Amino acid sequence: MYKTPCSRLSGFVGVSVKQKLVQNVPRCNQIARSLIHLHKRDPSKWLTYQHLNFLKRQYVSKTSSELQQRAIPKQSPVLTIVDERDDSVERQVERIPTIEAVATEAAPQPQDVTSKAQPEVSTLKSKDVAAKKGSVSRVVATTEETPHIHVESNEAKQARLDRQWKELKVDVADLPDVYARLAKIKLTALVVTTAAAGYAMAPVPFDPIMFSVSLLGTGLASCTANSINQYFEMPFDSNMNRTKNRPLVRGQISPLHAVSFALVCGVPGVALLTLAVNPLTGFLGALNIFLYTCCYTPLKRLSISNTWVGAVVGAIPPVMGWTAATGCLEPGALLLGGFLYSWQFPHFNALSWNLREDYSRGGYRMMSVTHPAMCKRVALRHSLGLIGLSALAPALDVTSWTFPVISLPINLYISYLAFRFYRRGDRSSARKLFFCSLWHLPMLLLLALTCKNYSRKQEDGARPPAAIPLPLPAN
């Protein structure tokens, strides 16, 4: 009932794509041979990790010309004094400049203690002679002075090293924890949970193997997006208290290690969704990685529209779960995506409200920093939108009419907290709205699952054998 039109469409698309590929195989082989020959002939054009590192430096320099980042200071330069006697020999010493008054007093000054009745001309001559002798004595003292070398004590050296950033050596036993923080394991768990809800809400028979494979691919795609996000935001994360302990900021792993981890997760994840589940789900997974890393991450430093792009990124995982079960995009999948889209605004706006100083220090353009009135207004608007989406679910034959009724109390409560946040705009109201959003989403999805409309095949399979009518024997 649900797979036939999409299967025919995908079959037609597959046949046309196959014909195109067969026609272009000779030309592609020729292009590949020419590219291999070109790269063998000119190794300087090979694509290496340095190209990716160059792109990151370009992103950092263009988006933040006033970036203040703490780094390991360079060693203080040592004075280089060239010996005038031999220009080919250079000595590196540290000297303390001599005090002119002491040197001048040390020099003999004859005819300075004469009577005041001497003529003025003789006084001037005596001063000139004294100045010449004093300069000669200073030169002699400077050349004969032994260089003074400042020796730093162990306590002062340890205190200086503690005040600066330093790289930490990571043990192999600590790598699982480092990878978990690099992949933002809590956010990845939320993504996988919403994808599981989308799969469970689909009106098709439950397949545990397909369910597990789709969740594994979705989790790997989420790990990739989060790792690349931390790679690009590493210079800015060091300025924020919330993110200054991330693995890349602390130097627990190298940027190349982080990019390699992202590739190891992303390539198998997208391939698993495309080949083992269906191409539509694989395309949505790749699209989500692209939106999160190439659109949402740069926009955080350019425009407040990053919040809406991030809401789209968060709305895709339940749609992926639905398409993994049905193989096609239906109104029910878009409805689940709408739930996640609207829920993210009260959740994130309340979170960012209490982190405004941190986001401002990091240079991120968030609604809570640049447009505080809009931040509160958008949170209230989308909290009320959850009530309308709940009422739309039975109209789309996703749930029964019981769902809007039993979900109304929790939707009204989060709307009430969003209204208090809109009116007061203080830390307390923002904190209450944020903590309410943490339990509101799983409760809403659980209520939707209990009121789910099952397909006919599932109803026939769930019917007990005694209730199935038996055919009458023929006379």
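The values are calculated or read from the model by the stated rules, or taken from the named source; none is laboratory data. Just so it is clear, the model here is predicted, and its values are computed rather than measured. Note that each Cβ is placed from the backbone with ideal geometry, even for glycine, and that neighbours are counted across all protein chains shown. For accessibility, only protein heavy atoms count, side chains too; no ligands or nucleic acids. Shrake-Rupley method; radii C 1.70, N 1.55, O 1.52, S 1.80 Å.
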(request) Go through segment 443-450 residue by residue and turn each phi into a ³J(HN,Hα) via Karplus (6.51, -1.76, 1.60, θ = phi - 60°); whole Hz please, and just put x for glycine and proline. (result) 5, 5, 5, 5, 5, 5, 5, 5
(request) Could you order LYS244, LYS157 so the one with the most accessible surface comes first? Probe is 1.4 Å. (result) LYS157, LYS244
(request) Rounded to whole Hz and in sequence order, give me ³J(HN,Hα) for segment 319-328 from the Karplus expression 6.51 cos²θ - 1.76 cosθ + 1.60, θ = phi - 60°, writing x for Gly and Pro. (result) 5, 5, x, 5, 5, 5, 7, 9, x, 8
(message) Suppose R0 equals 45 Å. What FRET efficiency, 1/(1 + (r/R0)^6) with r the Cβ-Cβ distance, do LEU329 and LYS244 give to the nearest 0.05?
(response) 0.65
(request) Give the accessible area for ASP177 in Å² (nearest 10); use a 1.4 Å probe, count only protein heavy atoms, and leave out ligands, DNA and RNA. (result) 90
(message) Give me a comma-separated list of calculated 3J(HN,Hα) values for segment 267-279, in order, Karplus coefficients 6.51, -1.76, 1.60 applied at θ = phi - 60°, integers in Hz, x for any Gly or Pro.
(response) 4, x, x, 5, 5, 5, 5, 6, 8, 8, 9, 6, x
(message) Below 8 Å, C-alpha to C-alpha, sequence gap of six or more: please give me the relative contact order for segment 196-260 in percent.
(response) 23
(request) With a 1.4 Å probe and every protein chain kept in, tell me what percent of the accessible surface of segment 175-329 is carbon plus sulfur. (result) 75
(request) Sort LEU256, LEU336 by accessible area with a 1.4 Å probe, largest first. (result) LEU256, LEU336
(request) Determine the alpha carbon to alpha carbon distance for each of LYS300/LYS376; LYS184/LYS452; LYS432/LYS452 and list only those over 26 Å. (result) LYS184/LYS452; LYS432/LYS452
(request) Using amide H atoms built 1.01 Å from N in the peptide plane, name the residues 5+ places from ARG301, or on other chains, whose amide H lies under 5 Å from its own. (result) ARG365
(request) Quick one: net charge around THR193, please, counting Lys, Arg +1 and Asp, Glu -1 for every other residue with C-beta under 15 Å from its C-beta. (result) +2
(request) Just the number, please: carbon plus sulfur as a percent of the accessible area of segment 342-454, 1.4 Å probe, no ligands or DNA/RNA counted. (result) 64
(message) At 1.4 Å probe radius, can you tell me the per residue accessible area of segment 342-454 in Å²?
(response) 45
(message) List the residues, sorted by chain then number, that are 5 or more residues from THR399 or on another chain and whose placed amide H is less than 5 Å from its amide H.
(response) ASN453
(message) Let me see the P(r) profile for segment 342-454: every Cα-Cα distance counted, bins of 10 Å, each bin given as a percent of all pairs.
(response) 15, 42, 26, 14, 3, 0
